[in-house]
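To start, the structure itself, in structure tokens.
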Amino acid sequence: MKRTLFGRLWPNVTAVVLFLGCVFPVYWMFSTAFKPTGDIISEDPVWFPTDVTFEHFKTATSVDHFWTYVTNSLIVTVLAVVFSLVIALAGSFALARMRFRGRRGFIVGFMLAQMAPWEVMVIAIYMIVRDASLLNSLIPLTVFYMMMILPFTILTLRGFVAAVPKELEEAAMVDGCTRLSAFRRVILPLLAPGLMSTSMFGFITAWNEFPLVLVLNKDAEAQTLPLWVSSFRTAFGDDWGATMAASSLFAIPILILFVYLQRRAVSGLTAGAVKG
């Protein structure tokens, strides 16, 4: 009886501990954003805000070029995700449906590209962008963000395409559809979970990217929100209230996207990882 009770209890206790460990930094970030400066710099930690203030949010959003940062981040992130999905749909279909020499090598190459840290190529990327006279432009950010998320997108969507029976596509072609029309009418609607999961991953990756924009875009008019989050420093040190307020605002779009796509994204990541 004791063993049965312990066997049921310890997974729940472990799950609660892990949950609290993951949630606490998020709670501390949001709670610090609403605390007065005195509570933030106090030697004794203030676990719950007593006097709620919105001054830190006002400070964070009143900086120069704030809405420019927001606009640039949205443009770069959305374009990178859309372009990567369009290219990945064609690439994943080719890898899942067609047999050609070097197919496995392509798949291994995508896996290696996914594992490679982009930070080690920052200098090379900077030299390429500089020689192309595209510094302080959103174009290279969009292109390189798309390249970052493209390997994962292709590999994940490949699993979904492979899971769709070929007979459905062949039946549509027998009924008069072309291969492109069969893909659009039959396969594409069945890829919705995969599109949701990969778009969420791509959005988070491009939205959070920091090193590239720091190196390539020195002009404030061409910078994005990650640099805005890291900019709250004064002659007296870091303004932690404004930093936490900016971090909270920065995380809200990702939280909204995750809540909205949660069910489809989880099923999509699982299915795309084991099929094909």
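The values are calculated or read from the model by the stated rules, or taken from the named source; none is laboratory data. Source: prediction; values computed, not measured. Ideal geometry is used to build each Cβ from the backbone, glycine not excepted, and the neighbour counts take in all protein chains shown. Ligands, DNA and RNA are stripped out before the accessible areas are found, and what is left, the full protein with its side chains, is counted by its heavy atoms. Shrake-Rupley method; radii C 1.70, N 1.55, O 1.52, S 1.80 Å.
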Check your understanding: Is it the case that the stretch 33-54 has a residue that's at pLDDT below 90, among the hydroxyl-bearing types (S, T, Y), closer than 24 Å to W228 by Cα and open to solvent by less than 90 Å² (accessible area, probe 1.4 Å)?
Key -> yes
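Quick grid of which residues meet (1) assigned to a helix (DSSP H, G or I); (2) of a type outside the set (S, T, N, Q); (3) farther than 29 Å from V213 by Cα; (4) free of Cβ contacts under 8 Å to residues at least 40 places away in the same chain:
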residue	(1), (2), (3), (4)
L9	yes, yes, yes, yes
V17	yes, yes, yes, yes
T32	yes, no, no, no
P45	no, yes, yes, yes
T50	no, no, yes, yes
A60	yes, yes, no, no
V63	no, yes, no, no
Y69	yes, yes, no, no
Practice item. Specify the residue that is surrounded by the most Cβ atoms within 10 Å (Cβ to Cβ); the eligible residues are those in the stretch 94-118 that are touching a residue at least 40 places away in the same chain (Cβ under 8 Å) and out of contact with any Leu (no Cβ under 8 Å at 6 or more places or on another chain). Key: L95
Exercise for review: Kindly provide the set of residues from the stretch 202-226 that are part of a helix (DSSP H, G or I) and hydroxyl-bearing (S, T, Y), ordered by number.
Suggested key: T205
Review point. Do you know which of the residues in the stretch 155-173 that are in a helix (DSSP H, G or I) and open to solvent by less than 30 Å² (accessible area, probe 1.4 Å) is modelled with the lowest pLDDT?
Key: E169
Revision key, fill the gap. In the stretch 174-201, anything farther than 22 Å from F83 by Cβ, of a type outside the set (S, T, N, Q), open to solvent by less than 70 Å² (accessible area, probe 1.4 Å) and in a helix (DSSP H, G or I) is listed as A182, V186
Practice item. Kindly indicate the residue of the stretch 187-233 that is closer than 23 Å to V63 by Cα and among the hydroxyl-bearing types (S, T, Y) and also nearest to the chain's Cα centre (by Cα) among those meeting that condition. Key: T224
Exercise for review: Consider I87 carefully, then state whether it is in contact (Cβ under 8 Å) with a residue 40 or more places away in the chain and closer than 27 Å to K218 by Cβ.
Suggested key: no
Exercise for review: Being aliphatic (A, V, I, L, M) and open to solvent by 30 Å² or more (accessible area, probe 1.4 Å) is the filter; apply it to the stretch 71-88 and report the residue that is nearest to L195 (Cα to Cα).
Suggested key: L85
Revision key, fill the gap. A careful count of residues in the stretch 122-154 that are part of a helix (DSSP H, G or I), without any contact (Cβ under 8 Å) to a residue 60 or more places away in the chain and over 25 Å from M200 (Cβ atoms) gives 6
Study note, to complete from the structure: Scanning the stretch 209-228 residue by residue, the ones that are without any contact (Cβ under 8 Å) to a residue 24 or more places away in the chain and exposed (fewer than 15 other Cβ atoms within 10 Å of the Cβ) total 1
Check your understanding: Any idea which residue in the stretch 131-153 is nearest to the chain's Cα centre (by Cα), counting only those that are open to solvent by less than 10 Å² (accessible area, probe 1.4 Å) and hydrophobic (A, V, I, L, M, F, W, C)?
Key -> I149
